[in-house]
Protein chains: 2
Amino acid sequence: MKIIKTVRDMQDFSESLRLRGKRIAFVPTMGYLHNGHLELMKEGKKLADCLITSIYVNPTQFGPDEDLDKYPRDFEGDERLSRNVGVDVIFYPANSQMYPENYHTYVTVENITDNLCGLSRPCFFRGVTTICAKLFNIVKPHVTIFGRKDFQQLVVIKRMVTDLNMDIEVVGMPTVREPDGLAMSSRNAYLKEDERESALSLSRSLKYAAELYERGERDAGVIIKEVKDFIEKHPGTRIDYAKICDVETMKDVERLDGRSVLALAVWVGTPRLIDNYVFGENK
Amino acid sequence: MKIIKTVRDMQDFSESLRLRGKRIAFVPTMGYLHNGHLELMKEGKKLADCLITSIYVNPTQFGPDEDLDKYPRDFEGDERLSRNVGVDVIFYPANSQMYPENYHTYVTVENITDNLCGLSRPCFFRGVTTICAKLFNIVKPHVTIFGRKDFQQLVVIKRMVTDLNMDIEVVGMPTVREPDGLAMSSRNAYLKEDERESALSLSRSLKYAAELYERGERDAGVIIKEVKDFIEKHPGTRIDYAKICDVETMKDVERLDGRSVLALAVWVGTPRLIDNYVFGENK
């Protein structure tokens, strides 16, 4: 496994692979890897000849009051996990490589970023799309793999790739969960012991919403109210949003007709956790 | 010479060239080709194995009150000129290929677009950077060639390519002029016969500014005043801007110390013409 730290070396490496007709799969991460990331990597391994991951805590997707400085990091652990899962290259750049002086360019996806995380975290998606555009140009993948836990992010990345005609296949993978149902996230590391139980309110409320749907409930307002009530019973929770949206436009829906997603963002103690459930889909 | 009209066909063609180790040069244009474009193409021909040009009047770089509908078009003439100069492929897409329904993604370069054309035409550079990002992803060039007549555009494109880590060389070529000095532009086609003389006020005022500089004048305000007075003496002219800026930051300068550019945008009758002169540089 190679560790590459400069943009030039990474581009040269990928270009030489492509010249030899090799297929590149890419999993971008902010490190502090967990099984969610590793599942993306295992999928990448199947889809290509060379699996590249990036480990980079991207400053432009954090707001001024967010957890950039405290974001958990463990490069040695990440290196070991990546090696075990068969990663061929870790791209591990410094901030000076990614955002040198006089950096001025941003990629924005409008409209579908107006709701949910785009509403709560105004700079977030601009940071995500910008860093992904950069990483795609550096790593030059044929296929890139994202988790569906960050549902809106996946929709936004697909939109960017389509709109900017990036010749890259975007694959979305199911959310990986702890045995008790908690969606895996690097931010789970922030959870104190007594908050762990409250954190389960996200996945459990989604399960509850799924049951309501199965029983025939189609009123988004009714389901959202039940979900909010459910979560709020748990100590230490503070709901950022609980919304049911169209899976493509990310606009709120009133009735669950087409494909809709219930998306949650909830602070549990310190961390803000997200999770989602797509109605009418076998997961 | 091939004419390719769909994004998919263009990407496949370019990818197959790259797989065979061929080098691709790209000259994006809005058509209605003149010698300025042809010089870019001749340079592209020298720099690569395959020369691709695009002919596409990009709607997103026109403001609501601008000349999108009236922009001059002559595909058959362009085809002939392209063939003569050795173009291998013309990429000639329809709007539905480039901006399909639900299109939502834009590339913006901040800061250096705040002055000059960015100030007069608020959507212009966003449109230019967005279409160029798209075209680069479609045509997949190793090198792209732009004219220095659109000086700020060249600076902005270089900034985008650097910032987004596009692995593309950007070459800037000198402005090509008519024998009497008028910078070549597709918009010169709009000039009525009596406006043709007034249009010369741009290149002539630049020449006058160069003389003032040679004689030791370093006060930007003095030079700008002389240039404006010179242009305004010509009937039918209306100055949009006449500014002296730093060639990298595009910020106004007071004294001509580092490398500075005198940039002009002037309506002459209907068309708004641009031209520029870089001080302290042998052109």
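Of all residues in the stretch A:249-274, count the ones that are in a strand (DSSP E or B) and of a type in the set (Gly, Ala, Ser). Qualifying residue count, the stretch A:249-274: 3. Assessment of the stretch A:179-187 against the conditions (among the charged types (D, E, K, R) and surrounded by fewer than 21 Cβ atoms within 10 Å (Cβ to Cβ)) yields at least one matching residue.
Residue check: A:Gly118 meets all listed conditions (1) at pLDDT 95 or above; (2) in contact with a helix residue (DSSP H, G or I) (Cβ under 6 Å, 6 or more places away or on another chain) but one, namely (1). Do we have B:Val57 as free of Cβ contacts under 8 Å to residues at least 60 places away in the same chain, in a loop (DSSP other than H, G, I, E, B) and buried (at least 17 other Cβ atoms within 10 Å of the Cβ) here? Yes, satisfied. A:Ile3 passes every criterion in (1) touching an Asp or Glu at 6+ places or on another chain (Cβ under 7 Å); (2) in a strand (DSSP E or B); (3) loosely packed, with under 15 Cβ neighbours inside 10 Å apart from (1). Filtered by the rule that a residue be more than 20 Å from the chain's Cα centre (by Cα), of a type in the set (D, E, K, R) and part of a helix (DSSP H, G or I), the stretch B:166-203 gives B:Glu193, B:Asp194, B:Glu195, B:Arg196, B:Glu197. When you look at B:Pro100, is it open to solvent by 20 Å² or more (accessible area, probe 1.4 Å), within 14 Å of chain A (Cβ to nearest Cβ), assigned to a loop (DSSP other than H, G, I, E, B) and not β-branched (Val, Ile, Thr), yes or no? When the stated conditions are applied, B:Pro100 passes them. If you check A:Ser205, A:Ser198 for being of a type outside the set (A, V, I, L, M), open to solvent by less than 20 Å² (accessible area, probe 1.4 Å) and in contact (Cβ under 8 Å) with a residue 60 or more places away in the chain, only one passes: A:Ser198. When A:Thr113 is tested against (1) assigned to a loop (DSSP other than H, G, I, E, B); (2) buried (at least 18 other Cβ atoms within 10 Å of the Cβ); (3) touching a helix residue (DSSP H, G or I) at 6+ places or on another chain (Cβ under 7 Å); (4) away from every other protein chain (no Cβ under 14 Å), only condition (4) is not met. A count restricted to the stretch A:241-283 and to residues that are surrounded by fewer than 19 Cβ atoms within 10 Å (Cβ to Cβ), among the acidic types (Asp, Glu) and within 21 Å of A:Gly147 (Cα to Cα) stands at 3.
Take the residues in the stretch A:135-145 that are facing another protein chain (nearest Cβ under 8 Å) and surrounded by fewer than 24 Cβ atoms within 10 Å (Cβ to Cβ), then tell me which one is farthest from A:Ala25 (Cα to Cα). Here the residue is A:Asn137. Look at the stretch B:147-171: where a residue is within 13 Å of chain A (Cβ to nearest Cβ) and a partner is small (Gly, Ala, Ser), sitting 6+ places away or on another chain with Cβ atoms under 6 Å, you get B:Leu164/A:Ala133.
The values are calculated or read from the model by the stated rules, or taken from the named source; none is laboratory data. All values reported here derive from a predicted model rather than from experimental measurement. Neighbour counts are summed over all protein chains in view; Cβ atoms, including those assigned to glycine, are modelled from backbone coordinates with ideal geometry. To get the accessible areas, we keep the full protein, side chains included, count just its heavy atoms, and leave off ligands, DNA and RNA. Shrake-Rupley method; radii C 1.70, N 1.55, O 1.52, S 1.80 Å.
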